Amino acid sequence: MSTLTHTTSPDRFPLPLGGGALRPLLVPEQERAPLLARYSDAPRIPISGRAHGDLLMLGNGGFTPLDGFMGRTDWKMVCENMTLADGTFWPLPVVLDVDDDTPAQVGAHVVLTFADRPVGILEVREIWRLSDEDILFECARVFRGAGKDSEDFERLGPERHPGVQHVMNRKRTCLGGRLTVLDSGSFPDLPPGFVLSPMELRAMARERSWKKIVCLQLRNPPHRSHEYLARIGLEIADALLIHTPVGTLKPGDLPADVRLRAIRALIDNYLPSDRVILAGYPLDMRYAGPREALLHAAFRQNYGVTMQIVGRDHAGVGDFYAPFEAQDIFSRLPDPPAPEKDLLVQPLKIKWPFYCRKCDSMASLNTCPHGMESRVFHSGSLLRKCFTENTLPPEGFIRPEVFDILAEHYRSAPSAERIVLYGAADGSTLN
């Protein structure tokens, strides 16, 4: 039997990660009250916003093949080898940290709550602890990169890296186990249906006879480099998914509703809207650079995506990662024990886009022969810096319809944040 048969469904979408069916852990609404009544005497355990986002992705099937939060063995294998214990590809830990005195017992059930609402029922398989050495191990394996900030990672990681800070501040006791999800999420500031599940996107693609979907990850307002990447994706695929996180971001990143309006303005005015899907997913950003690029590819395989655009400094922060490190990591994946356990989403690697004054167009390192003095590099950091300092972005940076939306936001919510431009934002790492 061919590898293609092993790794694609009859409609030629890639099979969900792990090779089986999607595993949404969300139970139908009519079954939730009886379940809660069944476990009315179970301990109620509050969870963090980060864990709630993970729970929602477990619920909608985006984290297939996981059936709950990781135990110690899977956590260590993921940190060390980017696989689960059974060899299935998975690049980032998905753990549930709780207070040390949490009243949980192995073999029993607990009710997970968020904002005082029951959101899940966990069958506890394992109660395990992270030592100081474990925390340092996870930070180094997951977040250390090849950029200049990582040369002094032990000092600068805790100071500057939000992913490292989160792990170091995480509670040390963890619960691993099988999860039943009771919550599909509430997003009152976003349009109904904006946060799509993998099943919904696959159904949409089937209805429109799309066979090849390219994804553009977008957590920043869209500038001309994003538009350039989107156009390349549309040239080679039936459709483009612009996927944006609606969980917690780092300070200074735009709220999801403003980002959504800015992206929508770009689509409506400059892209073929019948072939572009704008949707959200309910995760917090980890800012894990290369590892997070792989996580995005892994869960997008579950959405039916065939190729993910990976440009400059995907999911990075500061100068912890080299400009194209997130592209290079796709060439260093672990060997799977079986084809269906491998990552099937392919990276569409595009070198650093910019506006070239001499070319009088968007270009990239692969297409432009001119020097640095002719190039206008784009980044979310530079855009935020322009708005916070009340200066105009450089020529060729942003479409006027997008600019107007951002200008309105910054007038009503001015930021006192001091924006530092790192080499991954202004092109200086190429000198």
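The values are calculated or read from the model by the stated rules, or taken from the named source; none is laboratory data. Owing to the predicted nature of the structure, the values given are computational and were not obtained by experimental measurement. Here Cβ is always computed from backbone atoms with ideal geometry, including for glycine, and neighbour counts include all displayed protein chains. Side chains included, ligands, DNA and RNA excluded: accessible areas come from the protein's heavy atoms. Shrake-Rupley method; radii C 1.70, N 1.55, O 1.52, S 1.80 Å.
Across all directions of projection, what mean area in square nanometres is found for the Cα convex hull of segment 1-151?
Across all orientations, segment 1-151 yields a mean hull projection of 12.5 nm².
Report, in deg cm²/dmol and to the nearest 500, the calculated mean residue ellipticity at 222 nm for the chain, where each DSSP H run with n ≥ 4 adds -39500 (n - 2.57) and the sum is divided by the residue count.
-10000 deg cm²/dmol
Give the Rg (one decimal place) followed by the Dmax (whole number) of segment 60-139, computed from C-alpha coordinates and expressed in Å.
13.6, 37
Report, largest value first, the span of the C-alpha coordinates of segment 308-377 along each principal axis, in whole Å.
Here the spans come out as 50, 24, 15 Å, largest first.
Could you work out Rg/(2.2 N^0.38 Å) for segment 131-289, with Rg from alpha carbons only?
1.24
Looking at this model, which pairs from Lys76/Lys341; Lys76/Lys250; Lys211/Lys250 are more than 29 angstrom apart at the alpha-carbon?
Lys211/Lys250
What's the local net charge at Val119, with K and R +1, D and E -1, over the other residues with C-beta under 12 Å away?
Overall, the nearby charge balance is 0.
How big is Rg to Rh over segment 191-281, alpha-carbon atoms, Rh as the Kirkwood inverse-mean-distance radius?
0.95
Would you kindly work out the equivalent ellipsoid of segment 152-203 from its C-alpha gyration tensor and give its semi-axes, the square roots of five times the eigenvalues, largest first in whole Å?
33, 19, 12
Going through segment 336-410, which trypsin sites (Lys or Arg not before Pro) have at most 13 other Cβ atoms within 10 Å and a DSSP loop state?
Lys358
Determine Rg/Rh for segment 174-231; Rg is computed over alpha-carbon atoms and Rh is the Kirkwood hydrodynamic estimate from the same atoms.
1.07
Return P(r) of the chain (all Cα-Cα pairs; 10 Å bins starting at 0; whole %; ordered from short to long distances).
Per 10 Å bin, starting at zero, the Cα-Cα P(r) for the chain comes out as 4, 21, 32, 27, 13, 3, 0, 0 percent.
Jot down the radius of gyration and Dmax of segment 13-80, Cα atoms only, both in angstrom.
Values for segment 13-80 (Cα only, Rg and Dmax): 14.5, 44 Å.
In degrees between 0 and 90, to the nearest 10, how far off the longest principal axis of the chain does helix 400-412 point, with axes built from Cα atoms?
Between the helix axis and the principal axis of the chain, the angle is about 60 degrees.
Mind jotting down a quarter of the surface of the convex hull over the alpha carbons of segment 65-210, in square nanometres, one decimal?
Projected over every direction and averaged, the Cα hull of segment 65-210 covers 12.3 nm².
Roughly how many Å² is the accessible area per residue of segment 272-377, as a whole number, for a 1.4 Å probe?
Accessible area per residue: 31 Å².
For segment 197-328, what % of the accessible area comes from carbon and sulfur atoms, probe 1.4 Å?
48
Between Thr7 and Arg44, how many nm apart are label points set 7 Å from Cα along the C-beta direction?
4.7
For segment 106-149, which semi-axes, largest first and in whole Å, follow from the square roots of 5 times the eigenvalues of its Cα gyration tensor?
33, 16, 8
Could you check the spin-label model distance between Glu151 and Glu80? Points 7 Å from the Cα along Cα→Cβ, value in nm.
3.1
Among Leu56, Gly71, Pro28, pick out the residue whose Cα is farthest towards the positive end of the charge dipole of segment 23-74, where Lys and Arg carry +1 and Asp and Glu carry -1 on C-beta, about the Cα centre.
My answer, from the dipole projection, is Gly71.
If I model a spin label as a point 7 Å beyond the Cα along the Cα-Cβ vector, how far apart are those points for Arg125 and Arg357 in nm?
Here the modelled spin labels are 6.0 nm apart.
Would you mind pulling out the separation of the Cα centroids of segment 152-198 and segment 209-227, in Å?
Rounded to whole Å, the Cα centres lie 23 Å apart.
With a 10 Å cut-off between alpha carbons and a GNM built on the chain, which of Gln301, Gln105, Gln30 moves the most?
Result for the chain, Cα springs under 10 Å: Gln30 fluctuates most.
Could you compute the FRET efficiency for Lys349 and Asp132, with r as their C-beta to C-beta distance and R0 at 41 Å, rounded to 0.05?
Here the calculated transfer efficiency is 0.65.
I need the calculated FRET efficiency for the pair Glu373 and Asp238, taking r as the beta carbon distance and R₀ as 35 Å, to the nearest 0.05.
So the FRET efficiency works out to roughly 0.35.
Starting from the coordinates of the alpha-carbon atoms of segment 248-342, obtain the Kirkwood hydrodynamic radius over all distinct pairs and give the value in Å to one decimal.
Every distinct Cα pair counted, the radius reaches 15.5 Å.
Please report, largest first and rounded to whole Å, the three semi-axes of the ellipsoid equivalent to segment 305-425, where each semi-axis is the square root of five times an eigenvalue of the C-alpha gyration tensor.
In descending order, the three semi-axes are 32, 19, 14 Å.
Please report Rg (one decimal) and Dmax (integer) in Å for the Cα set of segment 94-178.
15.7, 47
In whole angstrom, how far apart do the alpha carbon centroids of segment 259-336 and segment 387-408 sit?
23
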